[in-house]
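Reviewing the structure listed below.
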Amino acid sequence: MKRAFLIVLAAGAGLAVVPWLGLPAFYESILYLVLHWIALATSWNLLSGYSGYFSFGHGAFFGIGMYTTATLATRFDIPFLWTLPAAAVVAALVGALLGAVAFRVQAVRAELFSLLTLAATFVVATIILNTPIDGGPGVYMSAVAVPQIGPTAAGTFYLLALCAAVLTVLAALAVYHSRFGTGLFAIHDDEDVAEVMGVPTYRYKLGAFALSSGLAGVVGGVHALFISYVTTGDTFTIAMPLTVVLMAVLGGTRHWAGPIVGATAITLLLYAFTGGDSAIIGKGLTGLVLIAVILFMPQGLLGQALKWWSARRDAPAAPAASAAPAHAEAPAASAHAAAPVAAASARPAANAGEVLLRAEGVRKSFKGVHALRGVSLEVRRGEILGLLGPNGSGKSTFINVASGHYAVTAGLIEFEGRRISGVPAHRIAQGGIARTYQIPRPFAHLTVLENVALPAMFGAAALDRQTAEAEAWQWLAFTGLTERAHALPADLNLHQRKFLEFARALASRPQVLMLDEVLSGLTPSEIDEAVALIRRIRDQGATIVFVEHVMRAVMALCDRIVVFNRGEVLAEGVPHDVMQRPEVVSAYLGQAMEERAPVAPASAHAVVPNAGKELAHA
Amino acid sequence: MNFPSATLLAQSVLAGLFTGALYGLLGLGLSLSWGMLRQINLAHFALAFLGAYLTYELSSHRGIDPLLTLAVIVPLFFVLGVALHWVLTRFRVSPFNSLLVTFGITVIIEALLQWTWTADYRKLESSYAEHKLQIGPLFLPVPELITLVLGVGISLAVWFALRSTDLGKAMRAAAEDAPIAAAFGVNQNALALMLSGLNAALAGVAGVCIALAYTLSPSQIYAWIGVVFAAVMLGGLGRPLGPLIAGCVIGVTEAVTMTVTAPSWAPLVSFSLLMFVLLVRPGRVA
């Protein structure tokens with residue numbers, strides 16, 4: 001990262017001498033345009049490429065920057081350079097305002113966000129056009145003095161664009177390598193999961209939107225003086241944001257430098273075809289390039305190149321592949337002895353058994369479907385609590401509610417005596433509750449290692465990136481995934497993906513771990529492995545809430561169980577007793593069990609009451 | 001702000017209905033392809049203008065009646081629509097990427113139009129434009145009337161076809177859950193190709209209407225995008241009557257806004273409405 005910073009700064013410094021080389025002015029103009037588009041595409045990418053919220057409203061913030069500068073410089077005679085910070089601030093504020101409204105509505109994602117920002121562009125344009133800010137004829141800036149930074153006016157504009165581009169790229173680079181950036185990439189892949197793992201998604205999206213808009217505002221401010229005549233018709237177009245999208249997508253949106261590649265390529269392409277008919281050909285070619293890139297190279301030029309490069313680098317390194325695991329071995333060796341959860345287990349056994357999590361009268365309805373109808377239960381420190389019940393009885397909903405994935409309709413949930421119902425999911429995660437998903441939901445574009453490091457950074461542990469990675473290695477060793485650390489989740493089998501869910505939940509060092517059907521779909525031998533794993537976790541002192549249908553595992557692991565039926569708690573107590581109760585038996589089978597013969601003990605997935613009986617008889 | 005006379009107001013409501021019908025006609029294909037094929041087809045607007053320019057060419061230079069050009073344009077565009085869908089499914093393009101791919105197509109068509117007909121403004125001089133019906137103090141220009149009739153007629157026909165014919169029911173089933181529909185014997189690939197062809201043909205029809213009533217220039221492609229998307233989303237995705245009704249609501253509000261305030265305020269209405277719908281009723285469009 002430091003190296004990339006230095007390279008960008010060195011490139012900026014090197015390019016800064018261009019105006020003094022005595023090149024014809026037109027070189028400065030074309031370079032101005034290249035830098036202008038680099039700054040715009042990179043600032044767009046900061047929100048849209050990183051977080052996946054594709055804004056089509058970048059033109060609005062660019063335009064707000066233009067008009068802020070134009071207004072301040074012509075009406076209030078403020079020196080041009082002083083208007084640029086103002087342009088940034090006004091654009092960032094409008095962006096934050098729009099984001100504050102838009103990001104509150106959960107459903108406004110993907111294409112709906114694109115349309116919303118597009119619509120915002122034209123609302124802004126209409127307001128500017130019809131108020132004294134513009135009033136119709138446009139704003140002439142010919143009387144505004146161009147600051148004397150370079151030897152010529154063209155040189156000055158070139159240097160201003162260079163500053164804007166370097167500033168934007170450095171911002172994109174800094175975000176890319178920060179917690180903030182990690183969180184944004186997680187939002188891109190699966191926003192709900194990111195939130196449940198402790199990423200403050202709302203704040204991050206808002207921050208990225210404001211930063212992205214503010215940078216676009218600066219570029220707009222510079223461009224206003226460059227063209228020296230500002231009109232709404234030429235500023236607030238749909239072509240501008242789409243061009244920016246094209247550039248970023250062409251270069252690759254998942255890398256900070258992608259938009260630089262794309263913007264340079266497109267600007268030079270268009271420049272090569274300026275004038276008359278060839279401009280039309282250039283336009284047609286950009287269209288073709290966009291289509292070709294999306295169909296054949298969805299990761300973009302840079303993304304593709306990096307992939308090719310890493311494949312080439314790894315190929316000769318294959319014999320030495322043990323190098324990576326070797327690095328892993330060191331922390332892994334200590335994993336069993338001094339695994340991080342051990343710290344939690346150091347809590348005196350004296351308070352084992354105290355109530356850690358308490359639900360009281362929790363209700364959850366989905367448009368008239370009552371998934372939970374007044375659930376009250378307690379989870380005690382250090383225990384393994386099994387949640388059982390037929391399909392649709394509300395077990396998973398309870399986990400979703402307790403982890404903040406869904407908001408409760410009514411009722412109260414307390415964790416360590418503090419209310420957590422109604423608290424955003426990321427704060428619950430930071431407080432020490434982690435969960436797995438029944439169907440694994442890994443971040444698809446992050447490696448297995450990054451997937452596990454993320455909750456260590458954002459969850460209860462709140463580690464910095466390097467410590468989080470070391471921690472992640474430990475949990476990969478713990479779950480037997482060390483060898484797959486650099487694979488993408490799509491390359492794992494179901495068993496490994498389920499264990500990845502484990503590793504992610506554990507990496508946040510939770511006090512309460514909620515496991516949602518982690519065993520379903522596994523083979524009997526894989527189940528044995530998983531049961532051993534859960535034992536190890538518990539032995540280290542974590543409290544576990546366990547939703548499961550595999551009775552063998554439930555009976556082997558749980559200290560207590562709670563049986564759900566139709567969104568209510570039907571029974572609660574020691575597994576042995578509860579499974580014998582007639583109401584539990586009939587909830588599962590709809591009839592009394594007395595006359596039934598015990599089922600053959602071999603079946604691992606035996607229907608619950610049978611298994612209960614079987615164990616009871618054993 | 002000046003308050004216009006009743007006649008002026010009525011005339012502007014009428015004008016709003018006429019534009020609204022065109023919004024509805026343009027939005028219909030867009031809504032069907034988004035709601036039922038999960039493709040956000042920006043190229044719909046470019047296709048409409050391609051249709052408009054073809055009408056202009058055939059009618060101004062070959063002397064064919066503008067309405068008769070439909071006989072050429074509808075089958076031709078049907079084939080284009082089928083081809084587009086084939087490409088998008090062949091490469092498994094996601095809904096969002098379909099937006100980008102069709103933007104690429106839009107840019108190419110725009111370049112093509114500019115290459116063939118230059119960036120100058122073109123206006124089709126047809127015999128229809130000379131006629132105006134008069135009802136009391138109100139004038140009804142014939143080209144706009146044709147648009148209104150086509151818009152209402154086609155929207156109703158599509159609505160009826162989707163609702164009541166076997167083919168339409170199969171299409172709706174495939175849109176709802178393609179694998180299940182396929183399990184019940186619906187050839188959803190063929191239906192999707194057909195629907196995409198239909199959507200493109202609808203763009204062609206809208207193009208003929210644009211040629212009849214408006215001045216053409218390649219950059220005008222982009223002028224319609226925002227307001228038609230607003231009509232599509234307000235009307236609810238995949239609902240055949242939605243764009244027409246929403247389009248007329250937007251058209252009338254715009255026209256009245258223009259009469260009461262200044263024409264330049266008109267975009268505020270449709271785009272504020274679109275933002276409002278997106279923020280308050282996102283479930284309606286998602």
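Derivation of every value follows stated rules applied to the coordinates shown; laboratory data play no part. Source: prediction; values computed, not measured. Please note: Cβ atoms are built from the backbone with ideal geometry, for glycine as well, and neighbour counts cover all protein chains shown.
Values computed for the structure shown
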| read-out | value |
| --- | --- |
| Residue exposure sequence - A:Asp559, A:Asp77 - by fewest surrounding Cβ within 10 Å | A:Asp77, A:Asp559 |
| Paramagnetic reach from A:Ser376 (point 7 Å along Cα→Cβ, amide N under 12 Å) across region A:398-423 | A:412 |
| Bridge type composition, chain A - antiparallel percent by DSSP, nearest 5 | 60 |
| Inter-chain shielding of A:530-536 (mean C-beta neighbours from other protein chains, 10 Å cut-off) | 0 |
| Theoretical gain in end-to-end length, A:Ala107 to A:Glu483 [0.36 nm per residue, Cα-Cα removed] | 131.6 nm |
| Nearest-ten-degree value, helix B:242-260 long axis tilted from longest Cα axis of chain B | 20 |
| Inter-centroid distance (Cα atoms) of region B:193-255 relative to region A:430-452, Å | 43 |
| Mean Cβ neighbour count within 10 Å, used as a protection proxy, ranking A:237-245, A:47-55, B:123-131 highest first | A:47-55, A:237-245, B:123-131 |
| By average C-beta atoms within 10 angstrom, highest first, the peptides A:575-581, B:210-216 | B:210-216, A:575-581 |
| Amide proton proximity set for A:Leu570, modelled H, under 5 Å, gap of 5+ | A:Val563, A:Phe564, A:Asn565 |
| Estimated distance in nm for a label pair at A:Tyr229 and B:Ala157, the labels positioned 7 Å out from Cα along Cα-to-Cβ | 4.8 |
| Inter-part distance where region A:159-186 and region A:455-531 are each reduced to a Cα centre, Å | 31 |
| Under 5 Å, built H, 5+ apart or other chain: amide partners of A:Arg380 | A:Leu356 |
| Chain A: DSSP helices with Cα axial extent of at least 24 Å and average Kyte-Doolittle hydropathy no lower than 0.0 | A:25-51, A:58-75, A:80-102, A:110-130, A:153-176, A:201-227, A:276-296 |
| Per-pair calculated FRET efficiency, R0 = 51 Å: A:Arg465 and A:Ala145 via Cβ, rounded to 0.05 | 0.65 |
| Using a Förster distance of 22 Å, the FRET efficiency for A:Glu568-A:Glu354 (Cβ separation, nearest 0.05) | 0.30 |
| Likely footprinting exposure, B:Ser219, B:Ser60, fewest C-beta neighbours within 10 Å first | B:Ser219, B:Ser60 |
| Label-point separation in nm, A:Thr274 to A:Ser365, each point 7 Å along Cα→Cβ | 6.5 |
| From phi via Karplus (6.51, -1.76, 1.60), per-residue ³J(HN,Hα) for region B:64-76 in Hz, x at Gly/Pro | 8, 4, x, 6, 6, 4, 3, 4, 8, 5, 4, x, 4 |
| Separation in nanometres of the label points that stand 7 Å from Cα toward Cβ, at A:Ala174 and B:Asp120 | 5.4 |
| Karplus-derived 3J(HN,Hα), 6.51/-1.76/1.60, for each residue of region B:56-61, Hz, glycine and proline x | 4, 5, 5, 7, 6, 9 |
| Highest to lowest packing among A:380-390, B:196-206, scored as the average C-beta count within 10 Å | B:196-206, A:380-390 |
| Set of lysines near B:Lys123 by C-alpha distance (under 21 Å), chain-local residues within fewer than 8 positions excluded | B:Lys132 |
| Relative contact order of region B:28-225, pairs being alpha-carbon contacts under 8 Å that are 6 or more residues apart, as % | 46 |
| Relative contact order %, region A:27-237, counting alpha carbon pairs below 8 Å whose residues are six or more apart | 45 |
| Residue-averaged 222 nm ellipticity for the protein assembly as shown, from DSSP H runs of 4+ at -39500 (n - 2.57), nearest 500 | -21000 deg cm²/dmol |
| Euclidean distance between Cα centres, region A:373-399 to region A:68-140, Å | 49 |
| Mean separation of Cα contacts under 8 Å (6+ apart) over length of chain A, as relative contact order % | 14 |
| HN-Hα J in Hz across region B:154-159 - Karplus 6.51, -1.76, 1.60, θ = phi - 60°, x for Gly and Pro | 5, 4, 5, 5, 5, 4 |
| Between 0 and 90°, nearest 10: helix B:6-37 axis offset from chain B longest Cα axis | 10 |
| For residues of A:380-392, the mean tally of beta carbons on other chains within 10 Å | 0 |
| Per-residue Cβ neighbour rank within 10 angstrom, fewest leading, A:Phe366, A:Phe5, A:Phe209 | A:Phe366, A:Phe5, A:Phe209 |
| For B:260-268, mean number of other protein chain Cβ atoms within 10 Å | 4 |
